[in-house]
Amino acid sequence: MKRQTFQTSARDSTRISFDLYARAEQEALLLICPGFFQSKETTLFQRIASDLSADQNVLCLDFRGHGRSGGLYTFSAREGADLETVLEWARERYSKISLLGFSLGGAVAINMAARFPDSIRTLIAVSTPSAFEEIEYRIWSPEVIYGGLRAWDPKMGCRLGNPWLKKEKPVETIRHLRMPVLLIHGTRDSIVSHSHSERLHHAAGEPKRLELMEGGGHAEELYRHHPGRFLRFVQDWIQESEWNCNLRGGSDKESR
């Protein structure tokens, strides 16, 4: 497997960096969107990308204000432009694109998938807030602090922008999605309660699924502590979505 780093620019000229994990020429791509304070450069996200590249090529980006990307982070207000430009790059090279978003990265993925429904084959959102304003903000609890220290990676970090900019609400935009949606959430998430994914699941159309991981924490921590189960959820959903898409395609041809 070969890992290559690329750069592109969002429409506001912010530099966006992303890594491509490619084993061979393929039609399928899984695009990973990390959350706040996370980066494609961390050991954990490199492991996630590498493990998932067995079945398709994988792309992992740094949103603005993170890693090698430029700009300042705006907590999902302007990060859609980052994902949009990476999607444009990917669409020129892949015909089957799936999105995997973690936490606020999942919020950006949902909002962008609603704008570009024909570009996304399936969507997976992990520990995603239904609305930024409704996050519980328990970041100073002992459980969160201890977990953060255990998970610390020197590649983590963020250059903060304006947190008060207007943001789209995933619980509203998810209603417009036309692709299969999988929501994954830990029942002991101390940062974003699993009730957020329950609200998103209620608002989404079919096909959809909600997987609650009993005792699981926040976002990428689900993979850290339960890698086999997490990977199985993601890989099975992508395969199931592809099978259903092919089945619908065949039915459409027969009807014509």
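The values are calculated or read from the model by the stated rules, or taken from the named source; none is laboratory data. The structure displayed is predicted, hence computed values, not measured ones. Positions of Cβ are backbone-derived with ideal geometry, glycine not excepted, and every protein chain shown enters the neighbour counts.
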Selection from the stretch 213-233 of residues that are touching a helix residue (DSSP H, G or I) at 6+ places or on another chain (Cβ under 7 Å) and either aromatic (Phe, Trp, Tyr) or more than 16 Å from Leu44 (Cα to Cα) (or both): Met213, Gly216, Tyr223, Phe230
Only one of Arg91, Arg78 that is under 23 Å from Phe132 (Cα atoms) and surrounded by fewer than 24 Cβ atoms within 10 Å (Cβ to Cβ): Arg78
Residue count for the stretch 203-243, restricted to those that are touching a Gly at 6+ places or on another chain (Cβ under 6 Å) and either part of a helix (DSSP H, G or I) or hydroxyl-bearing (Ser, Thr, Tyr) (or both): 1
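Can you name the residue in the stretch 193-207 that is hydrophobic (A, V, I, L, M, F, W, C) and either modelled with pLDDT under 95 or more than 14 Å from Ser103 (Cα to Cα) (or both) and, of all such residues, is surrounded by the fewest Cβ atoms within 10 Å (Cβ to Cβ)? Walk me through how you get there before you give the answer.
Taking the stretch 193-207 and keeping what is hydrophobic (A, V, I, L, M, F, W, C), we get 200, 203-204.
Applying the additional criterion that residues be either modelled with pLDDT under 95 or more than 14 Å from Ser103 (Cα to Cα) (or both) yields 203-204.
Numbers: Ala203: 19, Ala204: 24.
Residue satisfying both the conditions and the ranking: Ala203.
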Leading residue by the ranking (nearest to the chain's Cα centre (by Cα)) among those in the stretch 187-202 that are more than 19 Å from Trp237 (Cα to Cα) and assigned to a helix (DSSP H, G or I): His196
Failed criterion for Leu210 (all others in (1) surrounded by fewer than 17 Cβ atoms within 10 Å (Cβ to Cβ); (2) within 21 Å of Leu44 (Cβ to Cβ); (3) not small (Gly, Ala, Ser) hold): (2)
Any helices (runs of 4 or more DSSP H) falling wholly within the stretch 63-174 and containing at least 1 residues that are at pLDDT 95 or above and closer than 24 Å to Arg47 by Cβ: 79-91, 104-115
So Ile32, is it under 15 Å from the mean Cα position of the chain (by Cα) and either over 18 Å from Thr74 (Cβ atoms) or surrounded by 14 or more Cβ atoms within 10 Å (Cβ to Cβ) (or both): yes
Tally of residues being crowded, with 21+ Cβ neighbours inside 10 Å and under 16 Å from Gly105 (Cβ atoms) across the stretch 148-185: 8
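Considering each of Leu72, Leu83 in turn, give the residue that is out of contact with any helix residue (DSSP H, G or I) (no Cβ under 6 Å at 6 or more places or on another chain) and either more than 23 Å from Ser197 (Cβ to Cβ) or aliphatic (A, V, I, L, M) (or both).
Exactly one of Leu72, Leu83 is out of contact with any helix residue (DSSP H, G or I) (no Cβ under 6 Å at 6 or more places or on another chain) and either more than 23 Å from Ser197 (Cβ to Cβ) or aliphatic (A, V, I, L, M) (or both), namely Leu72.
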Test: residue in the stretch 74-82 that is on the phi > 0 side of the Ramachandran plot, of a type outside the set (D, E, K, R) and over 11 Å from the mean Cα position of the chain (by Cα): yes
Cross-chain or 6+ apart pairs with Cβ under 7 Å, the stretch 18-37 first and closer than 16 Å to Thr8 by Cβ, then aromatic (Phe, Trp, Tyr) and part of a loop (DSSP other than H, G, I, E, B): Leu29/Tyr94
Residue pairs meeting the criteria (Cβ under 6 Å; at least 6 apart or on separate chains; first surrounded by fewer than 20 Cβ atoms within 10 Å (Cβ to Cβ), in the stretch 220-235; second among the acidic types (Asp, Glu) and part of a helix (DSSP H, G or I)): Leu231/Asp51
